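S.K.: Have a look at this one before I ask anything.
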Amino acid sequence: MAVKDDYLVETLADMGLVSEDDVTIARAEVESGEFEDQGVIDRLLAAQIIAPAHLTQAKAIQFGMETIDLMGMNLEDEVIEQVPRHVVKKYNIIPVFYGDGVLTVALADPSDLDAMDSLRHIIKVDSIEFRVATQDQINVLVSKYYGTADESVSSMITDLTEGEIDLGFVKGDDFGEDEAALEADAPLIKLVNSIIAEAFKGRASDIHVEPLEKRLRIRYRVDGVLAEQSSPPKRLQAAIISRLKIQSGMSIAERRIPQDGRIQLEIVGKPIDLRVNCLPTTHGESIVMRILDKSGLKLGLAELGFMSDDQQTFERLIGLPDGILLVTGPTGSGKTTTLYSCLNYINRPDRKIITVEDPVEYVLAGINQVQVNAAAGLTFAAALRAMLRQAPNIVMLGEIRDMETATIAINASLTGHLVFSTLHTNDAPSAVSRLIDIGIKPFLVASAARAFMAQRLVRKTCKKCPEPAELTEKEMRELSITPEMLNGANVSRGKGCKDCTNGYRGRFGIFEIFVVDDNVRKLIYDKVSNTVLRARALESGMRSLREDGVRKVLNGTTSAEEVISSTVGDAH
């Protein structure tokens, strides 16, 4: 150290930055033993005779290298991607430029030749050029671009995998040999929270934590499509799953039966809820977290995907004083969001609205929401009977599941209440036969029903990177699009940018609205088949899911591929 100091002192003197007297005083202080573990350079810095920038410049001159000023520098994503976080931490460096296969790296100690040699082998680029910068400036950029508090999941997984973080597991008495009482395990808690935070920031609707035979798989569902993420090592499986169960209020001692729970977090200053389900599988407990984002509930009907004519029809239907309106579609087709948006639209001080849900996913201001609790005897039917004595104007049922619930809902709609609910059917007319199959008399269905609406979700073309597109002959044939229909159309696709996923960002609905008129009521009363009912609906102007999708392909809001895959049942 003393030898290095001597070289640097000479260089600083040659640069005219220190005098002989400065050096003599600093050396005397060091030799006095008062300042333990400090050298001449440290004393010159402490006395502010030289600045860190002067020292950096002297080091660079000593080793024949150039200096670089990192103050206020903005680094490109492409540069950051070249060097993993654990390499930056280990070698105390920061990448600053990248182009034509050459990476420029700033470091504070140009004498560390071993580190520079190692970096040339670790970093997969054609060539590395080194520059000298102050330690403080390097620390600022490392914190800014590689993070301390907001570390990426992949970087933390790397650190955990390579053993740079001590997990410090505390063994639990009742949790088995591989379980952990995780409250003292800060690195792993941070990893689990970051998995959730990255999913939220990436617009994911679901997080899947799936134990496989030899690895633990993490997947996010973004715009309806599952995408695999960086996976933690298999050895962390029990700890991660236990941590999630603790957060969601489940028993970590129980691993034989499914459990449900809830997690509440604040991410980027925004409170979010997660509905959590744990399911025992062959290789461990699989956890799925549904991210409940309340911002979707404030959508207007246009944002849900309604075209202007369908929006007018739907606004008229949800403004009716009584009757039943059912939204149908498979799981994950956006039925709940549509119903909540309807309630939000019609929620006024002069209307009493009560919902019965299992579970209550979103808490809405000004609406009375009832959580089903079958264990306590509060079933859908029991809650519905009780709520009718509360004299509501509007009733929303999470789902019609059985004859008892359906009967009460139908009777409520016939006695002056507007009832919203959902059914699992493939198209709108099928809701009629489904209600009859449940056990409702056809004349009651005909009298109570006001409309049935089927819906699907399709991905939305990214608004920031659209480009004109041409439909293939196969797509035109499958969607029954004629060349004339393309006149004035705006068919487009997303090129793909940093704000979207493969040219798509977000989802919206395509709809099939089946309005029940007098002619339809007669057909329902006569118990006609679903095929006849659907044919009559199409004749009277109902637009099928595929036809609504075609309109949205022609105006450039989605792609033909999305509509075809989402409306297979409408294929001719």
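S.K.: Output the helices (runs of 4 or more DSSP H) that fall wholly within the range 46-114 and possess 2 or more residues being of a type in the set (D, E, K, R) and either touching a residue at least 60 places away in the same chain (Cβ under 8 Å) or farther than 30 Å from Ala26 by Cβ (or both), or say none.
M.R.: Numbers: elements: 52-62, 77-80, 85-91.
Ranges flagged: 77-80, 85-91.
S.K.: Right, something else. What strands (runs of 3 or more DSSP E), lying completely within the range 198-273, carry at least 2 residues that are surrounded by 14 or more Cβ atoms within 10 Å (Cβ to Cβ)? Give the derivation first.
M.R.: Numbers: elements: 204-211, 216-222, 225-228, 259-267.
In the range 198-273, 204-211, 216-222, 259-267 are the strands (runs of 3 or more DSSP E) which contain 2 or more residues that are surrounded by 14 or more Cβ atoms within 10 Å (Cβ to Cβ).
S.K.: While we're here: Could you count how many residues in the range 13-35 are in a helix (DSSP H, G or I) and among the aromatic types (Phe, Trp, Tyr)? Steps first, please.
M.R.: Quick first cut of the range 13-35, residues in a helix (DSSP H, G or I) only: 13-14, 20-31.
Now narrow it down to the ones that are among the aromatic types (Phe, Trp, Tyr): none.
The qualifying residues number 0.
S.K.: So, in the range 482-497, how many residues would count as being over 15 Å from Ala560 (Cβ atoms) and either in contact (Cβ under 8 Å) with a residue 12 or more places away in the chain or small (Gly, Ala, Ser) (or both)?
M.R.: Step one: of the range 482-497, the residues over 15 Å from Ala560 (Cβ atoms) are 484, 487-488, 495-497.
Of the ones still in play, those that are also either in contact (Cβ under 8 Å) with a residue 12 or more places away in the chain or small (Gly, Ala, Ser) (or both) are 488, 495-497.
Residues meeting the conditions: 4.
S.K.: Identify the residue in the range 292-342 that is modelled with pLDDT of 90 or more and part of a strand (DSSP E or B) and, among all such residues, is surrounded by the fewest Cβ atoms within 10 Å (Cβ to Cβ).
M.R.: Among them, the one singled out is Gly323.
S.K.: Could you identify the single residue in Glu467, Glu473, Glu478 that is more than 24 Å from Ile318 (Cβ to Cβ) and open to solvent by 70 Å² or more (accessible area, probe 1.4 Å)? Spell out the reasoning first.
M.R.: Numbers: Glu467 fails: open to solvent by 70 Å² or more (accessible area, probe 1.4 Å); Glu478 fails: open to solvent by 70 Å² or more (accessible area, probe 1.4 Å).
Of the residues listed, the single one that is more than 24 Å from Ile318 (Cβ to Cβ) and open to solvent by 70 Å² or more (accessible area, probe 1.4 Å) is Glu473.
This table checks each residue for (1) at pLDDT 85 or above; (2) under 17 Å from Arg131 (Cβ atoms).
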| position | (1), (2) |
| --- | --- |
| Ala46 | no, no |
| Ala60 | no, yes |
| Glu76 | no, yes |
| Val79 | yes, yes |
| Asn92 | yes, yes |
| Pro95 | yes, yes |
| Tyr98 | yes, yes |
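S.K.: Name every residue in the range 232-256 that is in contact with a Leu (Cβ under 9 Å, 6 or more places away or on another chain), among the aliphatic types (A, V, I, L, M) and closer than 10 Å to Glu285 by Cα, in order of residue number.
M.R.: Hit for the range 232-256 is Ile241, nothing else.
S.K.: Hey, which of the helices (runs of 4 or more DSSP H) in the range 387-469, taking only ones fully inside, have at least 3 residues that are among the polar types (S, T, N, Q) and touching a residue at least 24 places away in the same chain (Cβ under 8 Å)?
M.R.: 403-414
S.K.: Given the structure, is Leu191 in contact with a helix residue (DSSP H, G or I) (Cβ under 8 Å, 6 or more places away or on another chain), under 21 Å from Tyr362 (Cα atoms) and touching a residue at least 12 places away in the same chain (Cβ under 8 Å)?
M.R.: Numbers: in contact with a helix residue (DSSP H, G or I) (Cβ under 8 Å, 6 or more places away or on another chain): yes; under 21 Å from Tyr362 (Cα atoms): no; touching a residue at least 12 places away in the same chain (Cβ under 8 Å): yes.
Criteria not met by Leu191.
S.K.: Assuming Gln38 fulfils every condition listed in (1) over 18 Å from Thr134 (Cβ atoms); (2) part of a loop (DSSP other than H, G, I, E, B); (3) touching a helix residue (DSSP H, G or I) at 6+ places or on another chain (Cβ under 7 Å); (4) in contact (Cβ under 8 Å) with a residue 12 or more places away in the chain apart from one, which condition is it?
M.R.: Against the list (1) over 18 Å from Thr134 (Cβ atoms); (2) part of a loop (DSSP other than H, G, I, E, B); (3) touching a helix residue (DSSP H, G or I) at 6+ places or on another chain (Cβ under 7 Å); (4) in contact (Cβ under 8 Å) with a residue 12 or more places away in the chain, Gln38 comes up short only on (4).
S.K.: Would you mind telling me which numbered condition in (1) under 51 Å from the mean Cα position of the chain (by Cα); (2) of a type outside the set (A, V, I, L, M, F, W, C); (3) over 18 Å from Ala108 (Cα atoms) Arg85 fails?
M.R.: All conditions are met except number (3).
S.K.: Let me ask something additional. Of (1) over 38 Å from the mean Cα position of the chain (by Cα); (2) at positive phi; (3) open to solvent by less than 50 Å² (accessible area, probe 1.4 Å), Lys527 satisfies all except one. Which?
M.R.: (3)
S.K.: Give Val102, Val96, Val83, Val125 a once-over and let me know the one that is open to solvent by less than 60 Å² (accessible area, probe 1.4 Å) and in contact with a Lys or Arg (Cβ under 9 Å, 6 or more places away or on another chain).
M.R.: Answer to the selection: Val96.
S.K.: How many residues does the range 353-377 hold that are at pLDDT 85 or above and not in a strand (DSSP E or B)? Can you show your working first?
M.R.: Residues of the range 353-377 that are at pLDDT 85 or above, as a first pass: 353-357, 366-373, 376-377.
Imposing the further condition that a residue be not in a strand (DSSP E or B) reduces the set to 366-367, 372, 376-377.
Of the residues in the range 353-377, 5 are at pLDDT 85 or above and not in a strand (DSSP E or B).
The values are calculated or read from the model by the stated rules, or taken from the named source; none is laboratory data. From a predicted model like this one, the values you see are computed outputs, not experimental measurements. Every residue, glycine as well, gets a Cβ built from its backbone with ideal geometry; the counts of neighbours run over all protein chains shown. Surface areas here come from the heavy atoms of the whole protein model, side chains and all, with no ligands, DNA or RNA. Shrake-Rupley method; radii C 1.70, N 1.55, O 1.52, S 1.80 Å.
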